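This report concerns only the one structure given below.
The values are calculated or read from the model by the stated rules, or taken from the named source; none is laboratory data. Worth saying up front: this structure is predicted, and the values here are computed from it rather than measured. Methodologically, a virtual Cβ is constructed for each residue, glycine included, from the backbone with ideal geometry; neighbour enumeration extends over all protein chains shown.
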Amino acid sequence: MEQLDIKSLYYTELQEVLKGLGLPAFRAKQIYEWLHVKLAGSYDEMTNLSKDLRLKLSEAYPITALTEVDALHSAEDGTIKYLFRLKDDRVIESVLMKYHHGNSVCISSQVGCRMGCKFCASTIGGKERDLLPSEMLDQIYRIQALSGERVSNVVVMGTGEPLDNYDNLIRFLRILTDEQGLNISARNITVSTCGIPDKIRELAKEDLAITLALSLHAPNNEIRKQLMPVAAKYELSEVLDAFRYYYEETGRRLTFEYSLVNAINDEEEHAKELCRLIKGLNCHVNLIPVNPIKERNYRKSENKKIQNFKNILEKNRINVTIRREMGADIDAACGQLRKSYIDKNSKEDCHN
Ligand code: SAH
């Protein structure tokens with residue numbers, strides 16, 4: 001395996017690395033704190049290290065830090081959408097959302113995505129690569145440093161399928177929840193997946209009390225297959241069994257995401273079928289009016305239909321909310337900012 005960058009290392013691993021360089025133990029504590037608490041973007045900021053040591057470390061263990069390319073501020077609700085550049089010049093997006101209960105950051109887990117969900121902008125160019133643990137962490141670190149806002153909640157719901165980048169995801173979660181790091185409570189972290197049963201079961205055994213969200217989007221296999229190619233690989237029953245297992249192992253209430261797409265999955269009969277499907281599960285359903293993307297002609301459900309769908313779930317005593325659209329004025333749908341940036345830049349390349 002390629003050697004991990006310094007920001008992706010656990011504290012104990014960092015101790016080992018620095019010991020190997022002949023440094024005293026307290027240096028590991030200092031450097032870990034600079035990286036994960038004081039959110040330093042370079043060794044130059046680590047003022048309690050000598051110049052020589054900073055130079056030596058920057059040559060041996062370069063720090064992964066994202067650079068801000070763009071930030072769009074929503075005038076409506078304070079949402080900020082960031083576009084960051086990675087060291088290989090690829091770009092990713094992350095979003096800061098401000099709620100009464102605290103600030104939440106939505107991060108990407110991969111550059112692009114290979115899951116192919118039909119209504120999603122992130123998947124159009126396929127997957128370019130996985131993100132390193134440090135690159136997931138740094139989306140939160142940079143946003144906290146740039147905005148001056150303390151981040152208390154994290155959702156892994158941006159571009160990418162987190163369970164398709166499993167090892168890096170776990171490392172990211174452990175460092176993010178580390179008491180010696182930013183110390184974000186696992187209870188305030190949600191990971192959203194399109195549903196990969198064996199990985200859901202593995203996650204259940206990690207002893208991480210995070211919330212798991214399943215992108216369900218359909219009350220049966222047939223409709224799910226129309227919207228999500230991954231549904232052709234894993235039957236809904238298999239995915240739900242794994243999800244139930246996650247609940248049994250962790251005791252965490254399950255979340256289902258259901259994007260309402262006009263005339264595809266938003267009829268009364270679909271709502272009733274959904275109630276039967278998830279009956280008896282300790283869960284919460286998030287209804288998301290689909291955010292139309294220009295590459296596909298899916299349309300948003302009418303408000304009346306969305307409300308009716310919600311009422312049917314409520315009548316069946318299912319916890320349900322309609323997700324408030326955040327930053328609708330700034331292209332906040334999953335992957336849209338990155339997509340428009342890439343489209344614009346590739347056009348410019350053609351003209352050159
Ligand atoms: N791959 C993961 C996480 C990223 S997508 C997953 O599938 O859950 C985060 C959520 O946004 C998913 O529920 C996804 O289906 C949904 N989503 C993506 N594009 C959307 C769009 N245009 N409108 C509504 N929901 C969308």
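Might you check whether a residue that is among the hydroxyl-bearing types (Ser, Thr, Tyr) and surrounded by 22 or more Cβ atoms within 10 Å (Cβ to Cβ) occurs anywhere in segment 176-187? No, segment 176-187 has no match at all.
Within segment 31-55, can you find the residues that are hydroxyl-bearing (Ser, Thr, Tyr) and assigned to a helix (DSSP H, G or I)? Spell out how you get there, then give the answer.
Filtering segment 31-55 for residues hydroxyl-bearing (Ser, Thr, Tyr) gives 32, 42-43, 47, 50.
Within segment 31-55, Tyr32, Tyr43 qualify.
Note on segment 263-295: residues that are over 24 Å from Tyr246 (Cβ atoms), among the charged types (D, E, K, R) and part of a helix (DSSP H, G or I) amount to 3.
In the set Leu287, Leu240, which member is in the same structural domain as Ala186 (by TED's automatic domain parsing), over 17 Å from Arg201 (Cα atoms) and either within 16 Å of the ligand (Cβ to nearest atom) or out of contact with any helix residue (DSSP H, G or I) (no Cβ under 9 Å at 6 or more places or on another chain) (or both)? Let's see the steps before the verdict.
On the way: Leu240 fails: over 17 Å from Arg201 (Cα atoms).
From the options Leu287, Leu240, the qualifying one is Leu287.
The residue of segment 197-207 that is farthest from the ligand (Cβ to nearest atom), among those that are without any contact (Cβ under 8 Å) to a residue 40 or more places away in the chain and at negative phi, is Glu206.
For residues that are touching a residue at least 12 places away in the same chain (Cβ under 8 Å) and not in a helix (DSSP H, G or I), scanning just segment 1-22, find the one that is surrounded by the most Cβ atoms within 10 Å (Cβ to Cβ).
Going residue by residue through segment 1-22, those that are touching a residue at least 12 places away in the same chain (Cβ under 8 Å) are 4-8, 10-11, 14-15, 17-18, 21.
Remaining after also requiring not in a helix (DSSP H, G or I): 4-5, 10, 21.
Values: Leu4: 18, Asp5: 16, Tyr10: 16, Leu21: 12.
Applying the filter and picking the extreme gives Leu4.
With respect to (1) more than 12 Å from the ligand (Cβ to nearest atom); (2) surrounded by 16 or more Cβ atoms within 10 Å (Cβ to Cβ); (3) in contact (Cβ under 8 Å) with a residue 60 or more places away in the chain; (4) not basic (Lys, Arg), the lone exception for Asp329 is condition (2). One residue stands out among those in segment 131-169 that are over 25 Å from Met326 (Cα atoms) and more than 16 Å from the ligand (Cβ to nearest atom): the one that is surrounded by the most Cβ atoms within 10 Å (Cβ to Cβ), which is Pro133.
Here the condition is being without any contact (Cβ under 8 Å) to a residue 12 or more places away in the chain, more than 27 Å from Ala28 (Cα to Cα) and either part of a loop (DSSP other than H, G, I, E, B) or among the acidic types (Asp, Glu) (or both); of Asp89, Asp77, Asp70, it holds for Asp89 alone.
Of all the listed residues (Gln226, Gln180), the sole one being within 16 Å of the ligand (Cβ to nearest atom), more than 22 Å from Tyr247 (Cβ to Cβ) and more than 15 Å from the chain's Cα centre (by Cα) is Gln226.
Listed here are the residues, each with its yes/no results for (1) aliphatic (A, V, I, L, M); (2) more than 20 Å from the chain's Cα centre (by Cα); (3) within 15 Å of the ligand (Cβ to nearest atom).
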site	(1), (2), (3)
Ala218	yes, yes, yes
Val230	yes, no, yes
Tyr234	no, yes, yes
Leu281	yes, yes, no
Ile293	yes, no, yes
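List pairs: first in segment 252-281 and over 17 Å from Gln226 (Cα atoms), second outside any loop (DSSP other than H, G, I, E, B) and of a type in the set (D, E, K, R), Cβ under 7 Å, 6+ apart or cross-chain? Within 7 Å, the pairs are Leu281/Arg244. The single condition among (1) at pLDDT 95 or above; (2) within 16 Å of the ligand (Cβ to nearest atom) that Val91 does not meet is (2).
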